[in-house]
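The values are calculated or read from the model by the stated rules, or taken from the named source; none is laboratory data. Keep in mind it's a predicted model, so treat the numbers as computed, not measured. With ideal geometry, Cβ positions are generated from the backbone for all residues, glycine too; neighbour counts draw on all protein chains shown. For accessibility, only protein heavy atoms count, side chains too; no ligands or nucleic acids. Shrake-Rupley method; radii C 1.70, N 1.55, O 1.52, S 1.80 Å.
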Amino acid sequence: QVQLVESGGGLVQAGGSLRLSCAVSGRTLSSYVMAWFRQAPGKEREFVAAISWHMITSYSDSVKGRFTVSRDNAKNTVYLQMNSLKPEDAAVYYCAAGPDFRRQNYWGQGTQVTVSS
């Protein structure tokens, strides 16, 4: 059973930075494309960023240039560095694992990011 546990969320002022982590257990990280999604109150869950085993990355237009996704396969951990945060980035951020960029089989419980203006 694969388990994903996010951490690193919190309250930050607009323009600030946060780094989210997603620790994976139960299976080696190398098998999966790892992705970050977010969901704000009253909105649908949306794609944020993803990274493959070969370090190929993908970003939503709304975070491109501000967020950076990375992974440490030896530590079975994925990161999301978020810079220049905006109030509209506030959401619950979820880590997900899947066989490719379009499918996610496993989800974490989410971590709250709040951005004050």
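Calculate log10 I(q)/I(0) of the chain for q = 0.15 Å⁻¹, where I(q) comes from the Debye formula with a single equal point scatterer on each Cα and nothing for solvent.
Cα-only, vacuum Debye calculation for the chain: -0.58.
If you roll a 1.4 angstrom probe over the protein chains with everything in place, what fraction of the accessible area of the chain belongs to carbon and sulfur, to the nearest %?
Carbon and sulfur atoms account for 47 percent of the accessible area of the chain.
Once the Cα atoms of segment 1-40 are picked out, what are the Rg and Dmax in Å?
12.9, 38
Net charge around Cys22, counting only other residues with Cβ within less than 14 Å of its Cβ (Lys, Arg = +1; Asp, Glu = -1)?
+3
So which residue, out of Arg45, Arg102, Arg19, gets the largest mean-square fluctuation from a GNM of the chain using Cα contacts under 10 Å as springs?
Looking only at Arg45, Arg102, Arg19, the largest GNM fluctuation is found for Arg102.
Taking only protein heavy atoms and a 1.4 Å probe, what accessible area per residue, in Å², does segment 7-117 have with all protein chains in place?
Normalised by residue count, the accessible surface of segment 7-117 is 51 Å².
Sorted from largest down, what three extents in whole angstroms do the Cα atoms of segment 48-101 have along their principal axes?
Largest to smallest, the principal-axis extents are 33, 20, 17 Å.
I'd like the FRET efficiency for His54 and Ser25, computed as 1/(1 + (r/R0)^6) with the beta carbon distance as r and R0 of 22 Å, rounded to 0.05.
0.50
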